[in-house]
1. Can you list which of the chymotrypsin sites (Phe, Trp or Tyr not before Pro) found in region 169-227 are DSSP loop residues with at most 11 other C-beta atoms within 10 Å?
2. Below 25 Å, Cα to Cα, which lysines can Lys129 reach? Residues fewer than 8 away in the same chain don't count.
3. Let me check I've understood the local charge: for Arg69, count other residues with C-beta under 13 angstrom from its C-beta, Lys and Arg +1, Asp and Glu -1. What total comes out?
4. Quick one: Karplus J couplings for region 56-68, per residue in order, coefficients 6.51, -1.76, 1.60, θ = phi - 60°, nearest Hz, x for Gly and Pro?
5. Whole-Hz ³J(HN,Hα) for each residue in region 119-127, computed from phi via Karplus 6.51 cos²θ - 1.76 cosθ + 1.60 with θ = phi - 60°, x for glycine and proline: what do you get?
6. With θ taken as phi - 60° and the coefficients 6.51, -1.76 and 1.60, list the Karplus ³J(HN,Hα) couplings across region 213-224 in order, rounded to whole Hz; mark glycine and proline as x.
7. Can I get the semi-axes of region 2-232's equivalent ellipsoid? Compute them from the C-alpha gyration tensor as square roots of 5 times the eigenvalues, in angstrom, largest first.
8. Expected output is a single nm value to one decimal: the length gained when fully extending between Val13 and Leu40, i.e. 0.36 nm times separation in residues minus the C-alpha distance. What is it?
Amino acid sequence: MYLSSIFASPERVTRLIEIGKNSFQPLLEGAIAYTIPLTLISFICGLALAIFTALARISGNKILQTIARIYVSAIRGTPLLVQLFIIFYGLPTIGVIIDPFPSAIIGFSLNVGAYASEIIRAAILSIPKGQWEAGYSIGMSYSQTLKRIILPQASRVSLPPLSNSFISLVKDTSLASMILVTEMFRRAQEIAATNYEFLLLYTQAAFIYWVICFMLSIVQGRIERRLDRYISS
């Protein structure tokens, strides 16, 4: 009865259509100006951190192993939202003030770095030891074998899970709205606060997130198929 009464009025339907038209462009602009750049920058920085962390985990240096293990454990054992709050709201209490967008980049990069490092580490460890021995047998050093033989193979193994992490990061950027980053979801919150059409605005935001993730999934599938052809040849 409640739902039917909401949509029964032609005036209300007309109002919803008008609000939808006016709000879609600001949400799309928020996605283009903030959500997508935030995702790309955070993932690139996080991936660089992940490679370093993974190499530290498999190195023979006990100090590096311990630091990397503590970092991964701390990030994986605490909620992402709490990490963002510590960076943006907590650090200013000790005199470290960071703007919203850089705070979000730092938080997401640290999070991606921890999770992706385990993906990369597992991919490296999945390469047969004979590959290492082959590199050593032709006079390569550890770093040369890692760079020229192991990492190229590990990259193909780690691509699918890393792609899934990237897609998940697109959705996780909505948490940046909690630290005042005016990305797409915060735009939806601001517009909904003025017209009280929360269902409409949040559904629009969800639709844009879904479209972005769907397109990324298509790209992921094509890259994986190309790699499969390359491997089989």
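Every read-out reported here was derived from the displayed coordinates using simple, explicitly stated rules and does not represent laboratory data. For clarity, every value in this text was computed on a predicted model and none was experimentally measured. For neighbour counting, all protein chains shown are included, and Cβ atoms are generated from backbone atoms with ideal geometry for every residue, glycine included.
1. Taking region 169-227 and a limit of 11 other Cβ atoms within 10 Å, the loop chymotrypsin sites (Phe, Trp or Tyr not before Pro) found are Tyr196.
2. Hits, sequence-local ones excluded: Lys62, Lys147.
3. Numbers: positive: Arg57, Lys62, Arg76, Arg121; negative: Glu118.
Within the 13 Å Cβ shell, the charges total +3.
4. Whole-Hz 3J(HN,Hα) from phi for region 56-68: 5, 5, 9, 6, x, 7, 5, 5, 4, 4, 5, 4, 5.
5. 5, 5, 4, 5, 5, 5, 5, 6, 6
6. Each residue of region 213-224 in turn: 5, 5, 5, 5, 5, 5, 4, 4, x, 5, 5, 5 Hz.
7. Each semi-axis is the square root of five times an eigenvalue, giving 43, 23, 12 Å.
8. Working: separation 27, 0.36 × 27 = 9.72 nm, distance 3.76 nm.
Extending this stretch completely gives an extra 6.0 nm.
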